[in-house]
Amino acid sequence: MAKTPAQIEKQKREAEKRKKRDKAILKIAREMPDDPAEEVVTPPIPGNGVKCLRCEGTGHLILDCDICKGQGKMVVRCRKCAGKGTYTQLAGPCSRCAATGVLEDGTQCPRCKGRKLQLEFSSPCFKCSGTGTTKVACKRCGGSLRYKSPCGNCGGTGIYQPKP
Ligand SMILES: [Zn+2]
Ligand SMILES: [Zn+2]
Ligand SMILES: [Zn+2]
Ligand SMILES: [Zn+2]
């Protein structure tokens, strides 16, 4: 389809306009600031307080755990066997001598040695493998060897208030 000179002129003008607009947009884009840096919001410090330097304002300190002596575990008495390492049980009345302590011939029963009760028997505690102790994760550091302690300098607030 042939174009009239007027149409061609109009097209030219529109192309010009577009160029101008694109230029303007580019200019604006160039002048726009980069993404604003993340703002760090620090709460206002009341009175004449200052950020506690001991805990860097966190209110707590990360300390090395010393109660587990750097093991992360604590040796505790085995609860299953009360630290004895063995279970001890009475076996009940002696069956060899019918709990009389003597045999029919009047001699002392060799099984209960006259005690009328069968010997106690014991078995090693499976929980502690007979050692009487078990290891549990350190209660304070949970095995991490480090623990959080409230900062005494600022009372856990992160703000140090000079005494008036
Ligand atoms: Zn045990
Ligand atoms: Zn007996
Ligand atoms: Zn510990
Ligand atoms: Zn502090």
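Each value in this text was obtained by applying a stated rule to the coordinates, not by laboratory testing. It should be emphasised that the depicted structure is a prediction, and the values quoted were computed from it without experimental measurement. Cβ: placed from backbone, ideal geometry, glycine included. Neighbour counts: every protein chain shown.
Legend: calculated FRET efficiency, Ile28 to Leu53, from the Cβ-Cβ distance at R0 = 35 Å, rounded to 0.05, equals 0.20.
For the residue pairs Lys84/Lys127; Lys51/Lys148; Lys3/Lys23; Lys80/Lys139, the alpha carbons lie more than 22 Å apart in Lys3/Lys23. GNM on the chain, alpha-carbon springs under 10 angstrom: the most fluctuating residue among Thr107, Thr131, Thr58 is Thr107. Exposure proxy shown here: for Thr4, Thr133, the number of other Cβ atoms within 10 Å sets the order, fewest to most, as Thr4, Thr133. Listed peptides 19-28, 121-130 appear in the order 121-130, 19-28 once ranked by packing, highest mean of other Cβ atoms within 10 Å at the front. If you run the Gaussian network model on the chain, springs between alpha carbon atoms under 10 Å, then out of Gly83, Gly132, Gly101 the most flexible one is Gly101. Placing unit charges on the Cβ atoms of the charged side chains and taking the dipole of the range 67-164 about its Cα centre, the candidate lying farthest along the positive direction among Cys154, Cys125, Gln108 is Cys154. Helix 5-31 axis versus longest C-alpha principal axis of the chain: approximately 40°, rounded to the nearest ten. Using just its DSSP H runs of length 4 or more, each adding -39500 (n - 2.57), the chain gives a mean residue ellipticity at 222 nm of -6000 deg cm²/dmol after division by all residues. Residues considered: Arg30, Arg96, Arg111. Largest GNM mean-square fluctuation over the chain, using C-alpha springs under 10 Å, is found at Arg30. Taking the Cα centre of the chain as reference, the dipole from Cβ charges on Lys and Arg (+1) and Asp and Glu (-1) amounts to some 380 debye. In straight Cα distance, which lysines are under 18 Å from Lys27, not counting same-chain residues fewer than 8 positions off? Of all the lysines, those that pass the test against Lys27 - Cα under 18 Å, at least 8 places apart if same chain - are Lys17, Lys19.
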